[in-house]
1. For PHE4, PHE58, give the ranking by accessible area with the largest first, probe 1.4 Å.
2. Taking only C-alpha pairs under 8 Å that are 6+ residues apart, what is the relative contact order of the chain in percent?
3. In square nanometres, what is the average projected area of the Cα convex hull of the chain?
4. Mind ranking 122-128, 33-39, 60-66, 106-112 by how tightly packed they are, going by the mean number of other C-beta atoms within 10 angstrom, highest first?
5. With angles folded into 0 to 90 degrees, how steeply does helix 2-12 sit against the dominant principal axis of the chain? Use alpha carbons for both and round to 10.
6. Using 0.36 nm per residue of separation minus the Cα-Cα distance, give me the extension gain between ILE41 and LEU102 in nm, one decimal.
7. Roughly how tilted is helix 15-36, in degrees to the nearest 10 and between 0 and 90, from the longest Cα axis of the chain?
8. Hull surface divided by four, with the convex hull built on the Cα atoms of segment 1-88: how many nm²?
Amino acid sequence: MKEFIKGFKEFALRGNVIDLAVGVVIGAAFGKIVSSLVSDIIMPPIGLVLGGVDFSDFFISLNGQHANTLAEAKAAGIPVIAYGSFLNSLIQFLIVAFAIYLVIKQVNRLFPKKEEVKEEPTLCPFCKQEVAEDATRCPHCTSEITPVIKQS
């Protein structure tokens, strides 16, 4: 049991796990901000321009019963497709995705790109043609060669 607890402690205190936990908490808070931005700031003017409608109340009754609002329909137990709520969620998703894109783009600018290190090809010591690293004979001049052992 002590080994289990020790292993879990090592896992939980690794930098990546803590970073992930912080990211989840910040992401949840950011999600609430974006949700408020969409429902309280973006959608009301759009609804006003479209004739004073509230997108969150857009729904389709599946059993034909009439209700004026989504809350009314839910209270009456009417099965509905709440496509207005879906539109709000879709807009929220697009805002979050765009914000993440901007953040990642800026973070990538902070870190220089790693240049790919191209290894020099192994050449035959006799004819200077490229050969496989572990070749024992050159496929071009058929000379016997000693494979080069690379140390890491």
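1. Details: PHE4 145, PHE58 60 Å².
Correct descending sequence by accessible area is PHE4, PHE58.
2. On the way: 108 pairs, mean separation 19.5, N = 152.
Value for the chain: 13 percent.
3. Numbers: hull surface 88.0 nm².
That works out to 22.0 nm², a quarter of the Cα hull's surface.
4. Values: 122-128: 13.9, 33-39: 16.0, 60-66: 10.1, 106-112: 8.0.
Per-residue mean Cβ counts within 10 Å order the peptides as 33-39, 122-128, 60-66, 106-112.
5. That helix lies at roughly 80 degrees to the long axis.
6. Numbers: separation 61, 0.36 × 61 = 21.96 nm, distance 2.10 nm.
My answer for the length gained is 19.9 nm.
7. 30
8. Working: hull surface 39.1 nm².
Its average projected convex-hull area is 9.8 nm².
The values are calculated or read from the model by the stated rules, or taken from the named source; none is laboratory data. Quick caveat: nothing in here was measured; it's all calculated off a predicted structure. Positions of Cβ are generated from backbone atoms using ideal geometry, with glycine treated the same way; all protein chains shown enter the neighbour counts. Surface accessibility is based on the protein's heavy atoms, side chains included, excluding ligands, DNA and RNA. Shrake-Rupley method; radii C 1.70, N 1.55, O 1.52, S 1.80 Å.
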